[in-house]
Each structure stands twice: as structure tokens, then as C-alpha cells.
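Contents: one structure, followed by commentary.
The values are calculated or read from the model by the stated rules, or taken from the named source; none is laboratory data. Since this is a predicted model, take the numbers as computed values, not measurements. Virtual Cβ from ideal backbone geometry, glycine too; neighbours counted across all protein chains shown.
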């Protein structure tokens, strides 16, 4: 019986490939066959057959000739349908862009990972225009959370296909975008590691935007080690420069306001158990109120969310024309709310944002991390959300609440699996740090990952 290589991490596959025990061509053939035969055909929106085969053949030749490009050479990767792929239109999860002009070049990060030897196998599904934390898509279908065994549950969004592709074992990593939680939410719902990099850590050239003041990128994968390797390559590094940290003496601060409001009992229990394991290992855990969190949501109530204002500015012509009739009605309704944000209100949001970022940074000790549940509930059932728009809006807001704090305050963050909650569904523990402290965050996440896990 032939051994399956599906469901393995990047690190596991890399050992096999670099040692000559696994040919990239065979791995890609196995991957493509698994994707085609998978019962959930809403995960991928497009397979890159010709490109994948060509890149795998090139990788195989390099390895035979002793010219490996490094740890990622021959590793399959899936791309969220927001990244430009040469020769294809970038559809952003929407049918209205199906006839857009093909990209003349790969997005910069797509090119960077190709240069590291990674093999693009396909594009994965997403919430239309990345504007939902739930992952429902009426055009291409909704990928079903593979961790659910009772009812069909949401994957989380907007990087829905990215999470399900990895959690289903079809690829070891997929790159998503995160404007309000779109990497970290689906990672938490699917028991994955989701790393949202600091805004600006990677080039955004060739990435379809949602809100440029908030947009960031990151991998969804099986381990922090995998994230570290991919992060290095996305920045053009030949090898990772993040070193596993010593967690002795580390302090994490747990906010006492906002982030635990309306939390499910199972999520609270899993999070507290994760904290207890950290504390038992010598990590200092302190609790503190963050007044900036309350002010953040106050300014959103006064002027509207920053993401909605910028999304409306991006799509206002589309919403005023016939294309709006072909879009997800929920995306249209949410985006149109951005019209209510005045120029004065928008500028006040930005001014307040800067003040709150400085205020929170001043509250943190040297190299101190923030910790709280990634999402306060586990992945809910799909059917009620598809049937009830009012419920959709309510659950979407609740799903995004904790993660959007990090986007507004310009943090980087890593969601780590920390156990299960209701119905045995995964729970994520979110570690965050101020912008630019990615290396420290990843170094600590490497050290804490095994402690946090149930």
C-alpha cells in the first residue's frame, strides 16, 4: 500500500523531499488527485494543473542535481483568491470579476514563494471581497469545516478555503489575508496555526485590497515552525532568522474588558486551561483592563468601522451599478454602511487610532505579549446563517470582535490551538504583540505552542 503524504506539515514533507525519499512530482500528483476527488468541491476555486506540474518538475530536477532552493523546495501551497497569479484574473471570491483582465505578473509574495521552490497547486475559496469573518460564499459554495461531525459548520472567513484546504490535509499551508481576523479566525475554527504579520511586513503588490489601513497577510498552517519558514521566504530570506525563545520570565497580559464578554463556557474553559499550562511552565500571567478597547468600539459606534469606510471607497462605483445585483447581498449591505462615514468622521477615526496605539503600547512591559481567545465561540452551523440575514450580521460581528482589536491597534498575532469547546470544536488562543515585534512573537510562539496545546 502506498503511503499517503497528505495531512503532513511542511517540516515533515521537507525532510522527505530533501532526503530524496519523496519526489515533488509524485507529491503534486497525489495532491491534485486528492483535491479533485475530495467530497467538498467548494474548497478550491481553481486548480493550477499546468503550473503545478511545471514547478514540480523543476523542483525535482534541482533536487536530483543537488541544487535545492532550501527547506521549502517542492512544498505545495494554495493561494487565497486575492493574490495575483500570472495569466489569470483575480476574482476575489466574486463572479463580477470573472472576466477581469488576467494578471500580467504574480503578486510579489507569490513570486517570492515560487523563488523559494514552493509549488502553487491552486486558488482557494473565500468570503466575497474578503468582507466577512464567517466564510459563506453564495457564488462558489461554502467550504465545510472538517472538524465538525454533528452538523455542517462554517469554516471561518474570509480565508475559508485556506483553512479548510490545510485542515483537510490537502496542502500543508495556504496564504490568506487578514483585515479584521481573516487568518486568525478560520485558523482557530479549524485547529490550525494562523499567523497575521504586522501590516507592511510583506509586499502588498498584486494583492486585491479590502481596507488598506488594515490589510495584512499571513500563513495558515500546522505548526509555528511552518509559519516561521514561510514568513522568511515571503520576505525573500534564504533561511529563517527567528530563533526559538526561552519562555522563562515571559509575561503575558490578559485583558479584563471586552474580550471575554459573551464567551461560550467551553471556549472560556479551554482558554483558561491553556493559560494554566503556561503559568505552570513559568510564564507570568497578569490581568489588566485596557480602556483603549472600550474607546475603540465607541469610535466605531460613532463613525462606523474603519474597514467599512475604506471598503465603501473601494467598491462605491461597483455598488452604484448593475454589478451590485450579482454580489452577495450581505456583502453589499455591509459595504454600503460605509457611505455613512463622513470625511470628518474618517479622519477622527484615524486620529483616535493613533492615540490608542500609543496608549496601549505604553501599557505593555518590555516584550510583553497580549493573550485572549481568538474567537469567543466555536464554529456555528452553516444552515441558520444562510437562512437568516439578521443572525448572520449578529454572528459575524461577534466572530470578528476579538481579532479586529489587533487590526485596529496595528498588532501582529498568532492563533494557537488550545483545546476544544462545544461539540468538540476547536478553540484558539491568540497571542499578539505591537507592530514590528513579529520576530519576538514568532520566537515565543515556537516556545509556547506545545504548552498551549491541550
*State the number of residues belonging to region 238-295 that are closer than 24 Å to residue 379 by Cα, touching a residue at least 40 places away in the same chain (Cβ under 8 Å) and part of a loop (DSSP other than H, G, I, E, B).*
7
*Between residues in region 18-34 that are farther than 14 Å from residue 56 by Cα and residues that are part of a loop (DSSP other than H, G, I, E, B), which pairs lie under 7 Å by C-beta distance while being six or more apart or on different chains?*
34/6; 34/170
*Number of positions in region 31-43 that are assigned to a helix (DSSP H, G or I) and crowded, with 17+ Cβ neighbours inside 10 Å*: 4
*Please work out if residue 413 is buried (at least 24 other Cβ atoms within 10 Å of the Cβ) and either touching a strand residue (DSSP E or B) at 6+ places or on another chain (Cβ under 8 Å) or not in a strand (DSSP E or B) (or both).*
yes
*Only one residue in 273, 301, 311, 289 is surrounded by 15 or more Cβ atoms within 10 Å (Cβ to Cβ) and more than 27 Å from residue 442 (Cβ to Cβ). Which one?*
311
*In the set 106, 99, which member is farther than 26 Å from residue 387 by Cβ, part of a loop (DSSP other than H, G, I, E, B) and modelled with pLDDT under 95?*
99
*Odd one out for residue 227, checked against (1) out of contact with any helix residue (DSSP H, G or I) (no Cβ under 6 Å at 6 or more places or on another chain); (2) crowded, with 22+ Cβ neighbours inside 10 Å; (3) within 30 Å of residue 316 (Cα to Cα)*: (3)
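Does residue 347 satisfy being in a helix (DSSP H, G or I), out of contact with any helix residue (DSSP H, G or I) (no Cβ under 9 Å at 6 or more places or on another chain) and surrounded by 24 or more Cβ atoms within 10 Å (Cβ to Cβ)? Before you say what the answer is, go through the steps one by one.
Numbers: in a helix (DSSP H, G or I): yes; out of contact with any helix residue (DSSP H, G or I) (no Cβ under 9 Å at 6 or more places or on another chain): yes; surrounded by 24 or more Cβ atoms within 10 Å (Cβ to Cβ): no.
Against the criterion (in a helix (DSSP H, G or I), out of contact with any helix residue (DSSP H, G or I) (no Cβ under 9 Å at 6 or more places or on another chain) and surrounded by 24 or more Cβ atoms within 10 Å (Cβ to Cβ)), residue 347 does not qualify.
Could you tell me which of the residues 46, 67, 51 is outside any helix (DSSP H, G or I) and touching a strand residue (DSSP E or B) at 6+ places or on another chain (Cβ under 7 Å)?
46
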*asked:* Quick test of your reading of the structure: residue 441 fulfils all but one of (1) farther than 30 Å from residue 136 by Cβ; (2) out of contact with any helix residue (DSSP H, G or I) (no Cβ under 9 Å at 6 or more places or on another chain); (3) surrounded by fewer than 19 Cβ atoms within 10 Å (Cβ to Cβ). Name the failing condition by number.
replied: (3)
